[in-house]
Amino acid sequence: MKILGIFIDALNPGFINETDTPFLYRLSNRGENIVSLESVLGFSTTIGATIFTGTYPDRHGIWIEYYYNPNYSPYSKIPLIKLSKPIDYIPIQIIRSGINFLLSKYVYPYYAKKLGYSELAPYNIPYKIITYFDVVTFKHYTEPKAFPVPSLVDVLIENGVSFYYSTHISEATLKNALSSDVSIFYFSKADLVGHIFGVGSKQHRNTLREIDRKVEHLVNTYRRKFGNNFEVLVFSDHGMANVNKKISTISWVKDKELGKKYLIAIESTMMRFWYFDERYKEKIREKLNSLGYGHLLSTKEKKQLRIHFSDNKYGEDIFLVDQGYVLYPSFKSWSIPKAMHGYHPALKEQQAVLISPTISGITEASVVDIMPTILKLLDLEIPKTVEGQPLVG
Ligand SMILES: [Zn+2]
């Protein structure tokens, strides 16, 4: 059985309708076969690992790209870092981020290679605390042995099933896809355009229409070649919600106690904390509890979300902001998005989606179910590590 997988970044079930995505709407049997998938808290890196291993972050081990490592920081091996400290104090953001951009492009790749990291950028991590951080080393989910648990690709290789992956459609990629057993096309544009222009904007809707046409082209090409002897699965990693309130993080970054009594990592939708001083911990917790635009995740909640790591490497405290708020600048970005994901995964707008004509009667599932579903369609054994369930009989 041939499998055509189409991975659309940031596609929420609510984006599928007759006007914006007419082909997907028909493919889903006029909305009947739309499965809403609960995603996991975090961003592309962790969700990609979750989808392709069928396991949650606390099992595949990858959550956010950088974390506090008291024993080692690759940044401390880079002589330039010490010299870069004054960059923190340049008052104009665009100059500061411009310098960092140039360093990331021309200097850091050299050190990444030398120190054995796939990527090593300063992002916007303040130089006064950057040498506390280590970077998660991981491979792309299409590479073999990328995770400590078997991935889709590992199982396919083990069983001699050919796999092809592409991010664009061309004569050559189509030819490769048609001659492989499992092919996945990945389209990222809806994520980018959604962030820049917002959900429901003309640009976002046009992009959905554009991707819908690509899906139609792929499915029709497969139909011409294989008739009905192939399975198509369209899936996404998360949804997206419009942002209407911006919260500046400058006061955290400028705090004199940062790097002395505690450490912070700022994402667009969350702040992570590590503490060097127990009394200061209470002070910060009190402050976070009074902010009114998010909440500290309890241990119970972290366990439920499957992001509880006993060594606290990704953060002793996680403050998650409410949907609609965005923190800026984050350590990864200076820009203020019009729409964001990475909020609580139980929210409707944050859900991912799965559409397949063969999956009917299921309306709710999880992103961990995608991988075992593909394996089941191929009649391959599902690894014992997999936590998801196949959605086909
Ligand atoms: Zn995104």
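Is it the case, given these coordinates, that residue 238 is more than 16 Å from the ligand (Cβ to nearest atom) and under 25 Å from the mean Cα position of the chain (by Cα)?
Values: more than 16 Å from the ligand (Cβ to nearest atom): no; under 25 Å from the mean Cα position of the chain (by Cα): yes.
In short, no.
Kindly indicate which of 177, 172 is in a helix (DSSP H, G or I), among the hydrophobic types (A, V, I, L, M, F, W, C) and open to solvent by 50 Å² or more (accessible area, probe 1.4 Å). I'd like the intermediate steps shown before the answer.
Details: 177 fails: open to solvent by 50 Å² or more (accessible area, probe 1.4 Å).
Answer to the check: 172.
Consider residue 130 against the criteria (1) open to solvent by less than 10 Å² (accessible area, probe 1.4 Å); (2) within 16 Å of the ligand (Cβ to nearest atom): it satisfies all of them except one. Which criterion is unmet?
Among (1) open to solvent by less than 10 Å² (accessible area, probe 1.4 Å); (2) within 16 Å of the ligand (Cβ to nearest atom), residue 130 violates only (2).
Quick check on residue 382: is it in a loop (DSSP other than H, G, I, E, B), modelled with pLDDT under 95, open to solvent by 20 Å² or more (accessible area, probe 1.4 Å) and not small (Gly, Ala, Ser)?
On the way: in a loop (DSSP other than H, G, I, E, B): yes; modelled with pLDDT under 95: no; open to solvent by 20 Å² or more (accessible area, probe 1.4 Å): yes; not small (Gly, Ala, Ser): yes.
Answer is no for this residue.
Scan the stretch 37-76 residue by residue and report those that are at pLDDT 95 or above, in a strand (DSSP E or B) and open to solvent by less than 20 Å² (accessible area, probe 1.4 Å).
Across the stretch 37-76, the qualifying residue is only 37.
Give just the number: which of (1) assigned to a strand (DSSP E or B); (2) surrounded by fewer than 18 Cβ atoms within 10 Å (Cβ to Cβ) does residue 14 not satisfy?
(1)
So which residues in the stretch 22-37 are touching a residue at least 60 places away in the same chain (Cβ under 8 Å) and out of contact with any Ser or Thr (no Cβ under 9 Å at 6 or more places or on another chain)?
Keep residues of the stretch 22-37 that are touching a residue at least 60 places away in the same chain (Cβ under 8 Å), which gives 22-24, 27-29, 32-37.
Within the stretch 22-37, 22, 23, 24 meet the criteria.
Would you please name the residue that is farthest from residue 318 (Cα to Cα), looking only at residues in the stretch 342-370 that are open to solvent by less than 10 Å² (accessible area, probe 1.4 Å) and within 16 Å of the ligand (Cβ to nearest atom)?
If we filter the stretch 342-370 for residues that are open to solvent by less than 10 Å² (accessible area, probe 1.4 Å), which is where we start, we get 342-343, 345, 350, 352-356, 359, 367-368, 370.
Add one more test, that the residue is within 16 Å of the ligand (Cβ to nearest atom), and what stays is 342-343, 345, 350, 352-353, 367.
Working: 342: 13, 343: 12, 345: 15, 350: 19, 352: 23, 353: 26, 367: 22 Å.
Checking each candidate, the answer is 353.
Go through the stretch 382-393 and give me each residue that's free of Cβ contacts under 8 Å to residues at least 24 places away in the same chain and closer than 20 Å to residue 1 by Cα. Don't jump to the end; show me each part of the working.
Narrowing the stretch 382-393 to residues free of Cβ contacts under 8 Å to residues at least 24 places away in the same chain: 384, 390, 393.
Once the filter is applied, which keeps residues that are free of Cβ contacts under 8 Å to residues at least 24 places away in the same chain and closer than 20 Å to residue 1 by Cα, the stretch 382-393 yields 390, 393.
Given the conditions (1) among the aliphatic types (A, V, I, L, M); (2) at pLDDT 85 or above; (3) out of contact with any Ser or Thr (no Cβ under 9 Å at 6 or more places or on another chain), report the number of the one that residue 92 does not fulfil.
Tallying (1) among the aliphatic types (A, V, I, L, M); (2) at pLDDT 85 or above; (3) out of contact with any Ser or Thr (no Cβ under 9 Å at 6 or more places or on another chain), residue 92 fails exactly one: (2).
Restricting to the stretch 70-86, what's the tally of residues that are under 16 Å from residue 134 (Cα atoms) and either of a type in the set (Gly, Ala, Ser) or not assigned by TED's automatic domain parsing to the domain that holds residue 113 (or both)?
2
Go through (1) among the hydroxyl-bearing types (Ser, Thr, Tyr); (2) open to solvent by less than 50 Å² (accessible area, probe 1.4 Å); (3) more than 16 Å from the ligand (Cβ to nearest atom); (4) within 22 Å of residue 39 (Cα to Cα) and name the single condition residue 268 misses.
Among (1) among the hydroxyl-bearing types (Ser, Thr, Tyr); (2) open to solvent by less than 50 Å² (accessible area, probe 1.4 Å); (3) more than 16 Å from the ligand (Cβ to nearest atom); (4) within 22 Å of residue 39 (Cα to Cα), the lone unmet condition for residue 268 is (3).
If we keep just the residues of the stretch 17-32 that are open to solvent by 10 Å² or more (accessible area, probe 1.4 Å) and polar (S, T, N, Q), which is farthest from residue 382 (Cα to Cα)?
Here the answer is 19.
Would you mind finding the one in 192, 208, 178 that is at pLDDT 95 or above and more than 16 Å from the ligand (Cβ to nearest atom)? Lay out the reasoning, then the answer.
Values: 192 fails: more than 16 Å from the ligand (Cβ to nearest atom); 208 fails: more than 16 Å from the ligand (Cβ to nearest atom).
178 is the lone residue from the list that is at pLDDT 95 or above and more than 16 Å from the ligand (Cβ to nearest atom).
In the stretch 309-341, how many residues are surrounded by 19 or more Cβ atoms within 10 Å (Cβ to Cβ), farther than 17 Å from residue 66 by Cα and charged (D, E, K, R)?
1
Restricting to the stretch 223-235, and then to whatever is open to solvent by 40 Å² or more (accessible area, probe 1.4 Å) and without any contact (Cβ under 8 Å) to a residue 12 or more places away in the chain, can you tell me which residue is nearest to the ligand (Cβ to nearest atom)?
Within the stretch 223-235, the match that is nearest to the ligand (Cβ to nearest atom) is 223.
For the subset of the stretch 242-265 comprising residues that are open to solvent by less than 10 Å² (accessible area, probe 1.4 Å) and in contact with a helix residue (DSSP H, G or I) (Cβ under 9 Å, 6 or more places away or on another chain), which member is nearest to the ligand (Cβ to nearest atom)? Break it down into steps so the answer makes sense when it comes.
Start the filter on the stretch 242-265 by keeping residues that are open to solvent by less than 10 Å² (accessible area, probe 1.4 Å), which leaves 249, 258, 262-265.
From what is left, the residues that are in contact with a helix residue (DSSP H, G or I) (Cβ under 9 Å, 6 or more places away or on another chain) are 258, 262-264.
Working: 258: 27, 262: 28, 263: 25, 264: 22 Å.
That would be 264.
The values are calculated or read from the model by the stated rules, or taken from the named source; none is laboratory data. In this text the structure is predicted, and so the values were computed from the model without any measurement. Don't worry about glycine lacking a Cβ; one is built from the backbone with ideal geometry, like all the others, and counts go over all protein chains shown. Keep in mind that these areas ignore ligands, DNA and RNA; they rest on the heavy atoms of the full protein, side chains included. Shrake-Rupley method; radii C 1.70, N 1.55, O 1.52, S 1.80 Å.
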